[in-house]
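Taking it in order: structure first as structure tokens, then the write-up.
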Amino acid sequence: MIDFRAFSQEIKSSDCDVLLDSPMSAQTTFKAGGNAKAIAFPKTRDALIKVLKCAEKLGIPYIAAGNGSNLLVRDTGFDGVFIKMTQFVADIEIDGEYIRCSSGTPLSRLCTAAYENSLTGLEFAYGIPGTVGGAVYMNAGAYGGEMKDVLISAEHISPDLKAETLSADGLSLGYRRSFYSEHSGYIITDAVFKLRKGEKEAIKAMMDDFIARRKDKQPLEYPSAGSTFKRPEGHFAGALIEQCGLKGCRIGGAEVSEKHAGFIINRYGGTADDILALIEYVKKTVKEKTGVTLEPEVKIIP
Ligand SMILES: Cc1cc2nc3c(=O)[nH]c(=O)nc-3n(C[C@H](O)[C@H](O)[C@H](O)COP(=O)(O)OP(=O)(O)OC[C@H]3O[C@@H](n4cnc5c(N)ncnc54)[C@H](O)[C@@H]3O)c2cc1C
């Protein structure tokens with residue numbers, strides 16, 4: 001039996017807040033999900049290492065989280081600690097065309113900093129509601145751009161507690177995947193991007209255009225994790241789901257968005273079970289009617 005109270009007492013400090021038995025619905029954009037035994041919010045590298053050391057000592061499983069915009073925690077919860085990086089040292093350093101920032105930095109803040117410094121290349125990421133760590137892990141992308149285009153390197157704490165750097169070549173960045181999505185236990189702490197000098201007005205115009213397109217096409221007024229499914233080779237998940245007549249299909253509080261069939265929304269305060277049941281129903285129906293297998297993009301825990 002793991003003593004989470006002892007864990008909390010050991011890691012809690014002015015550099016690390018801790019919540020015990022806390023609902024993940026409050027930490028994810030789906031606004032659903034069971035309790036985590038613990039959620040730690042390290043603010044510094046030392047605090048992060050302390051959390052990891054203590055988790056190892058007490059045999060506590062851990063998972064990193066950013067803004068929880070691609071996470072769905074089952075209603076049964078997680079018997080471990082989420083290491084939520086949103087309070088981690090939020091600095092952005094700009095050196096010519098290079099930007100270095102910590103993993104907890106919201107993408108919107110990174111994109112704004114790039115714009116303010118007339119640096120182009122990150123406009124596609126403006127409006128993705130995640131952190132830099134989550135975006136590197138997922139190789140997040142939109143409107144023809146992806147992290148892979150601009151990422152130079154990522155720094156992490158490895159499962160054996162070493163601070164290491166991986167260059168983009170070593171990050172195996174592919175469609176919604178990276179070295180980190182293939183290897184568990186790594187906590188991304190920082191990332192370095194290389195952008196290009198651009199026209200400030202053109203950068204702003206592109207960012208505004210992407211935001212307008214999101215507002216127009218996506219059900220941003222409801223809780224979701226964005227596109228629920230990955231894009232199957234040769235198809236678009238949303239188009240297949242719509243073609244199968246699933247728009248508006250509902251299980252409990254979860255619904256296939258009427259506005260964008262690629263989004264499952266938690267429209268009526270549903271549970272993670274509702275969302276998971278709808279994911280399975282959509283997968284089954286699309287497979288039966290089109291032969292295409294959909295794979296969730298959202299990370300389901302555990
Ligand atoms: C309305 C909406 C629109 C969206 N639009 C897009 C889009 O256009 N393109 C797109 O790609 N995505 C989109 N998403 C999905 C999501 O925003 C991205 O996947 C984002 O990159 C996730 O970042 P996060 O910080 O929220 O990560 P989380 O959801 O917290 O975590 C995602 C994964 O990354 C891991 N992780 C997070 N931080 C770290 C870290 N520091 N170290 C190690 N692992 C870590 C987690 O363990 C988890 O497996 C959208 C989501 C919403 C709600």
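Ellipticity at 222 nm from helices only: DSSP H runs of n ≥ 4 in the chain, each -39500 (n - 2.57), divided by the residue count, give -8500 deg cm²/dmol.
If you plug the beta carbon distance of E242 and E93 into 1/(1 + (r/R0)^6) with R0 = 45 Å, you get a FRET efficiency near 0.55. A viscosity of 0.692 mPa s and a temperature of 37 °C, combined with the Kirkwood radius over C-alpha pairs in the Stokes-Einstein formula, give the stretch 4-87 a diffusion coefficient of 263 µm²/s. Working note: Cα atoms of the chain, range along each principal axis, descending, whole Å: 55, 52, 31. The alpha carbon centroids of the stretch 165-188 and the stretch 74-90 are separated by 19 Å.
For the pair K289 and D3, the difference between a 0.36 nm per residue extended length and the Cα-Cα distance amounts to 98.0 nm.
A compact globular protein would have a Cα radius of gyration near 2.2 N^0.38 Å; the ratio found for the stretch 237-289 is 1.00. Calculate the spin-label point distance for K259 paired with L20, positioning each point 7 Å from the Cα along the beta-carbon direction, and give it in nanometres. Using points 7 Å along Cα→Cβ, the separation is 4.1 nm.
For K287, the lysines whose Cα comes closer than 23 Å to its Cα, not counting residues fewer than 8 places off in the same chain, are K230, K247, K259, K299. Just the Cα atoms of the stretch 38-139, one point each, no solvent: what log10 I(q)/I(0) does Debye give at q = 0.12, 0.23 Å⁻¹? Here the Debye-derived log intensity ratios amount to -0.45, -1.19.
Packing around the peptides 135-145, 206-216, 244-254, taken as the average count of other Cβ atoms within 10 Å per residue, puts them in this order, highest first: 135-145, 244-254, 206-216.
No lab work stands behind these numbers, since they all come straight from the coordinates. Predicted model, so just to flag it, every value in this text is computed and none were measured. Every residue, glycine as well, gets a Cβ built from its backbone with ideal geometry; the counts of neighbours run over all protein chains shown.
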